[in-house]
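These notes are about the structure you will find just below.
The values are calculated or read from the model by the stated rules, or taken from the named source; none is laboratory data. The shown structure was predicted, so the numbers you read here are calculated from the model rather than taken from an experiment. Virtual Cβ from ideal backbone geometry, glycine too; neighbours counted across all protein chains shown.
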Amino acid sequence: MSRKRLAKIGCIAAAACLGLAAFGLCGLMVVETVLFRPRPSELPDSRSDYRAYDLDSPRFDWFHREYDAALEADYSWIHKPEAVGLRLAGYPNPDGVRPDIVRVYWPRPDKAIVVVIATGLMDDSVEAMKVRVDLVQRGHLWEVEWAGGQWRCWPGRGGSIWGSRLCV
């Protein structure tokens, strides 16, 4: 990758991090941004590699309530795809736990793919979790188009590589 491209990515990542500062999420995680028209090697795993979330299930009612309240109050996070993706992935959270990596892919100027990775989880079966959130821009707002998860399990609790099967 060229120095110019790396510098541009660094600037965009810094800007994304500044946008996340309001969540207190920027200090101890890596924020990576892949520019428009990424090379195939720079794309995230395919949707088919994730277990799709049923965003209409009661499990995500909290997100819909927060998003609707943010629309009404015009909170800034609904204008930033990385912030919407982090919200859906469960950040910020009451425990103050941060993700390790946030990657933002821009296949088109009006489409973003946010991948949130958390490792070393304090769970008896799940060692790491990866959430992919596909967003589309409508006006100045970013809306969730699709979301899914992958997990990596602790030894003896399921797959030790990323996969869409739940840990046991």
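Values as computed for the structure displayed
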quantity: Checklist (1) under 17 Å from the mean Cα position of the chain (by Cα); (2) surrounded by fewer than 16 Cβ atoms within 10 Å (Cβ to Cβ); (3) among the aliphatic types (A, V, I, L, M) applied to Ala69, failing item; calculated: (1)
quantity: Residue that is surrounded by the most Cβ atoms within 10 Å (Cβ to Cβ) [pool: residues in region 135-168 that are in a strand (DSSP E or B) and of a type in the set (Lys, Arg)]; calculated: Arg152
quantity: Contacts under 7 angstrom Cβ, first residue in region 85-107 being in contact (Cβ under 8 Å) with a residue 60 or more places away in the chain, partner polar (S, T, N, Q) and outside any loop (DSSP other than H, G, I, E, B), 6 or more apart; calculated: Asp100/Thr119; Val104/Thr33
quantity: Residues of region 61-80 satisfying the condition of being assigned to a helix (DSSP H, G or I) and touching a residue at least 12 places away in the same chain (Cβ under 8 Å); calculated: Phe63, Glu66, Tyr67, Leu71, Ser76, Trp77, Ile78, His79
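Residue by residue, here is whether (1) in contact with a helix residue (DSSP H, G or I) (Cβ under 6 Å, 6 or more places away or on another chain); (2) over 15 Å from Tyr53 (Cβ atoms); (3) modelled with pLDDT under 95 holds:
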| site | (1), (2), (3) |
| --- | --- |
| His79 | no, yes, no |
| Arg98 | no, yes, yes |
| Arg108 | no, yes, yes |
| Ser125 | no, yes, no |
| Met129 | no, no, no |
| Arg132 | no, no, no |
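Results for (1) under 30 Å from Trp154 (Cα atoms); (2) of a type in the set (D, E, K, R), shown as yes or no for each residue.
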{"residue": "Asp61", "(1), (2)": "yes, yes"}
{"residue": "His64", "(1), (2)": "no, no"}
{"residue": "Gly90", "(1), (2)": "yes, no"}
{"residue": "Val102", "(1), (2)": "yes, no"}
{"residue": "Pro109", "(1), (2)": "no, no"}
